[in-house]
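For reference, the structure discussed in these notes is given below.
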Amino acid sequence: MTMLLARQKGDVSGNITKAVKFTDLSFGDIEACARDMTYPINNLELVHQAKLDGASSDTVKFLNLLPEGKCNHSSQIVFMAWEYFLV
């Protein structure tokens, strides 16, 4: 499943800090990436590991949009991806 998405990431005050455009973001890629991680993992580690594992640039952009904090299981990332796709 490939989708064309355009979302913006804001800072804590709600100001838009950058526009993020996805041209080839696959839910399956996000799911596979999340499954291959060692948990718990924070955002910086998540993005770094995804890059090392050869994740697509759109998958890495999506992971950068996730809220700060630690993920304790791949299901958290998958759930956030579903929320993102359905909104």
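Annotations
- Per-residue Cβ neighbour rank within 10 angstrom, fewest leading, 36, 58: 36, 58
- Between residue 26 and residue 68, the distance separating the two model label sites (each 7 Å from Cα on the Cα→Cβ line) works out to 3.3 nm.
- FRET efficiency, residue 78 to residue 38 (Cβ-Cβ, R0 22 Å, nearest 0.05): 0.85
- Phi to ³J(HN,Hα) by Karplus 6.51 cos²θ - 1.76 cosθ + 1.60 over the range 74-84, Hz, x for Gly, Pro: 4, 4, 5, 5, 4, 4, 5, 5, 4, 4, 5
Since every read-out is calculated from the coordinates, none of them should be taken as a lab result. The structure presented is a predicted model; accordingly, all values stated were derived computationally and were not measured. As a convention, Cβ positions derive from the backbone with ideal geometry for all residues, glycine included, and neighbour counts pool all protein chains shown.
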